[in-house]
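Notes follow the structure.
The values are calculated or read from the model by the stated rules, or taken from the named source; none is laboratory data. This structure is a prediction, so every number in the text was calculated from the model and none was measured. Cβ: placed from backbone, ideal geometry, glycine included. Neighbour counts: every protein chain shown. Areas reflect the complete protein model, heavy atoms only, side chains present, ligands, DNA and RNA absent. Shrake-Rupley method; radii C 1.70, N 1.55, O 1.52, S 1.80 Å.
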Amino acid sequence: MELVRKLEILADAAKYDASCASSGAHRKRRNGGIGNAEGMGICHSYTPDGRCISLLKLLLTNVCIWDCAYCVNRKSSSVQRARFKPEEVVKLTMDFYKRNYIEGLFLSSGIIQNADYTMEQLITVAKKLRESESFGGYIHLKAAPGASPELLLEAGKYADRLSANIEMPVQKDLDRLAPEKTLVEIESTMSDIKSGIDAAKNSTKRNGDAPLFARAGQSTQMVVGATESSDTIILHKAESLYRKFDLRRVYYSAFTPIENTNPLLSEPPTPLMREHRLYEADWLIRQYGFTASEITHGARGENLDLEKDPKLSWALRHRGYFPIDVNKASARQLLRVPGLGAKNVARILKIRHYHQIKLEDLAKLRVRLSNAKWFVITADYNPSVYQLDAEKLEEKLKPKVFQPSLFENLSNAALSGEL
Amino acid sequence: MIQVSIENNFASWRVAARKCLQKEIAPDEILWICDGCDGFFENDFAAEKTDEKIYKVSPDFLPLAEALVCFNDACRFSLLYRLLFRLVHENKNLLHIESDDDVRRARLMERAIYRDVHKFHAFVRFRSVNIDDKEIFVAWHEPHHFTVERSAPFFIRRFGAMRFSILTPKGCAHWNLEELRFSEAVTNQVLPPDEAEDFWLVYYQSIFNPFRLKIKAMKKELPVRHWRTLPEAALIPELIRKAKELESKKRF
Ligand code: SF4
């Protein structure tokens with residue numbers, strides 16, 4: 001098979017993994033080598049689905065011995081199969097990198113033979129890049145669940161990031177859709193990766209020199225909407241993964257039924273908005289000091305509100321917490337105000353040393369006043385805050401036209417098979 | 001009203017601004033003229049010996065000023081001087097008050113520069129070209145602001161083992177493995193083809209998920225004005241058309 005055809009098949013097969021991050025790695029270019037990493041990853045392009053292209057994202061092969069129902073590459077799927085030779089991936093990576101198309105490589109694979117064999121193949125590519133090509137760019141390797149700790153340790157020497165996908169928040173879902181996978185095994189892989197990262201950090205502290213081990217940490221992905229598991233269950237799972245394994249990120253991937261989708265998956269299609277709300281909630285947990293229970297507790301039903309962002313929903317359910325005086329409140333309190341982001345909170349804290357903050361200041365900082373004004377006290381008269389307890393506030397904060405994604409219709413049709 | 005004529009760079013503005021400040025010339029008394037216009041300043045004022053009085057301003061000011069000087073609008077010099085004047089005469093903490101009109105404007109301009117540099121790093125597309133048996137990576141890029149000097153060091157840190165030239169309508173940067181050289185602006189360059197680019201185009205099409213069309217989100221990050229220097233952008237209209245077709249086909 002021609003290289004260009006392989007590229008087509010194995011990029012297509014890789015696109016359902018949502019991770020495109022290339023941040024968090026710091027590596028100086030080796031003398032005579034190509035490539036470095038400067039912490040902030042760069043998005044070199046965007047496709048019309050709005051996603052960033054930062055890495056060359058490929059599967060080494062889409063051949064897989066397993067049969068996860070939600071996955072295009074599962075054994076029983078009828079997609080065309082292909083497999084790269086390691087040196088082909090190395091060449092593509094170097095060619096793309098030198099032309100400034102990418103920050104590096106994200107290499108995943110279907111399971112070939114077994115987890116260890118698969119892991120060895122991925123490591124071969126990463127090792128060639130680092131050692132034969134003196135490549136200093138970003139490398140993200142997928143960790144096959146159940147791969148031996150020794151192999152994970154080796155992978156971490158070459159990779160900036162490792163990720164083992166959790167796929168589903170509860171075992172019951174895996175039993176149904178990915179019977180070969182167990183949460184216990186996937187989490188033990190995460191725990192091995194964490195040990196590697198911690199060990200490297202500790203020895204850096206002791207010896208000063210930095211043994212490289214997955215410096216950009218580990219991440220994971222959950223498929224959303226292929227089972228009944230609610231956002232409440234998903235967010236609690238995400239939170240516990242953050243706590244247990246210091247994950248950098250949990251990615252959420254709205255399940256899209258495609259051509260040869262497994263008939264097992266008769267769930268209603270997942271609106272992209274649901275995925276979006278999960279990302280917002282995740283952000284609140286990681287950056288704003290919210291807990292998963294705060295975000296989900298008291299929400300109508302078990303899922304996040306699709307019409308309102310999770311912070312606004314929380315605020316409407318906790319009006320007793322407000323109003324917040326922007327001239328006196330702590331950073332933690334300010335972060336809870338709908339429409340106020342972390343950057344603006346930092347600005348407000350500075351400005352109020354010098355003068356009292358009025359509504360006009362907030363407007364100039366481009367705070368989203370349509371959300372924020374109901375919840376804050378400013379130095380001047382803010383009439384909106386008197387409506388904080390009004391029943392109809394909730395109505396007022398509803399988006400005028402709620403536009404469900406165009407593609408909900410599409411997925412509906414795809415699912416019912418009405419072509 | 002006096003005219004102060006300077007070159008289009010930070011050093012030149014800085015020398016002039018310091019002198020104006022020493023003479024306590026108010027911001028609205030100065031007309032800043034950039035690039036070789038002969039004004040009162042160059043002829044009389046610059047030659048004058050003034051005792052070098054050092055002005056201590058907030059350390060945040062320098063990086064802000066360095067960024068703003070790259071901004072592609074003549075107003076930048078007067079805004080900078082007004083900020084400097086106000087920092088000295090009105091409030092040394094002025095820069096912390098981000099809701100102040102001048103500060104806000106400056107910060108917005110600064111952000112535009114950061115973004116321009118960021119997009120410079122992101123959107124330069126090299127083609128491998130053979131010149132005198134040497135492989136040189138050449139790119140044509142169109143920054144919006146004067147960001148060639150600011151953006152170039154990144155490429156040396158990353159690609160220091162490759163010869164490269166980045167050509168732009170705002171100036172060019174050249175790396176010969178030893179030194180970085182800047183040259184005059186050029187107009188649109190057509191480069192010889194590079195096979196790797198064909199693979200890139202195939203990759204771009206294959207990684208796109210037509211079931212998740214989000215055109216607005218894409219345009220926000222990939223502004224249309226950059227499309228003409230990005231080889232993959234030529235594919236966008238066709239990819240969108242096919243995705244929409246897929247959608248309407250499936251619906252019936
Ligand atoms: S193991 Fe991975 S590639 Fe194989 S079917 Fe499951 S999700 Fe797909």
**Study point:** Odd one out for A:A25, checked against (1) away from every other protein chain (no Cβ under 12 Å); (2) under 30 Å from B:L239 (Cα atoms)
**Key:** (2)
Revision key, fill the gap. Checked the range A:55-101 for anything within 9 Å of chain B (Cβ to nearest Cβ), within 16 Å of the ligand (Cβ to nearest atom) and among the charged types (D, E, K, R); matches are A:K57
Check your understanding: Is at least one residue of the range A:167-184 farther than 24 Å from A:K98 by Cα, assigned to a helix (DSSP H, G or I) and of a type in the set (K, R)?
Key -> yes
Check your understanding: Considering only the range A:101-137, how many residues are within 16 Å of A:G32 (Cα to Cα), surrounded by 24 or more Cβ atoms within 10 Å (Cβ to Cβ) and without any contact (Cβ under 8 Å) to a residue 40 or more places away in the chain?
Key -> 1
Revision key, fill the gap. Every listed condition ((1) open to solvent by 30 Å² or more (accessible area, probe 1.4 Å); (2) within 7 Å of chain B (Cβ to nearest Cβ); (3) in contact (Cβ under 8 Å) with a residue 12 or more places away in the chain) holds for A:M40 save (2)
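With A:I123, A:I139 as the choices, which residue is part of a strand (DSSP E or B), away from chain B (no Cβ under 14 Å) and more than 16 Å from the ligand (Cβ to nearest atom)?
Working: A:I123 fails: part of a strand (DSSP E or B).
None of the others qualify; the one that does is A:I139.
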Practice item. Having 3 or more residues that are modelled with pLDDT of 95 or more, touching a strand residue (DSSP E or B) at 6+ places or on another chain (Cβ under 7 Å) and within 13 Å of chain A (Cβ to nearest Cβ) is the bar; report the strands (runs of 3 or more DSSP E) wholly within the range B:138-242 that clear it. Key: B:163-167
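Can you find even one residue in the range A:118-130 that is on the phi > 0 side of the Ramachandran plot and touching a strand residue (DSSP E or B) at 6+ places or on another chain (Cβ under 8 Å)? If you could, list the steps in order and put the result at the bottom.
Just the residues of the range A:118-130 that are on the phi > 0 side of the Ramachandran plot, to begin with: none.
Looking through the range A:118-130, none of the residues is on the phi > 0 side of the Ramachandran plot and touching a strand residue (DSSP E or B) at 6+ places or on another chain (Cβ under 8 Å).
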Exercise for review: Out of the residues in the range A:1-15 that are more than 8 Å from chain B (Cβ to nearest Cβ) and assigned to a loop (DSSP other than H, G, I, E, B), state the one that is farthest from A:L56 (Cα to Cα).
Suggested key: A:M1
Review point. On the given criteria, is A:I112 within 12 Å of chain B (Cβ to nearest Cβ) and either away from the ligand (no atom under 12 Å from the Cβ) or assigned to a loop (DSSP other than H, G, I, E, B) (or both)?
Key: no
Study note, to complete from the structure: Flagged in the range A:158-189 as surrounded by fewer than 21 Cβ atoms within 10 Å (Cβ to Cβ) and either within 14 Å of chain B (Cβ to nearest Cβ) or away from the ligand (no atom under 15 Å from the Cβ) (or both), in numbering order, are A:V170, A:Q171, A:K172, A:V184, A:E187, A:S188
**Study point:** Every pair of residues 6+ apart whose Cβ atoms lie under 6 Å, when the first sits in the range B:57-75 and is closer than 16 Å to B:R14 by Cβ while the second is of a type in the set (V, I, T) and part of a helix (DSSP H, G or I)
**Key:** B:A67/B:I113; B:C70/B:I113
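Which of the residues belonging to the range A:307-328 are without any contact (Cβ under 8 Å) to a residue 60 or more places away in the chain and open to solvent by 20 Å² or more (accessible area, probe 1.4 Å)? Full working, then the answer.
To start, the set of residues in the range A:307-328 that are without any contact (Cβ under 8 Å) to a residue 60 or more places away in the chain comprises A:309-311, A:313-314, A:317-318, A:320-321, A:324-328.
Within the range A:307-328, A:D309, A:R317, A:H318, A:G320, A:Y321, A:D325, A:N327, A:K328 meet the criteria.
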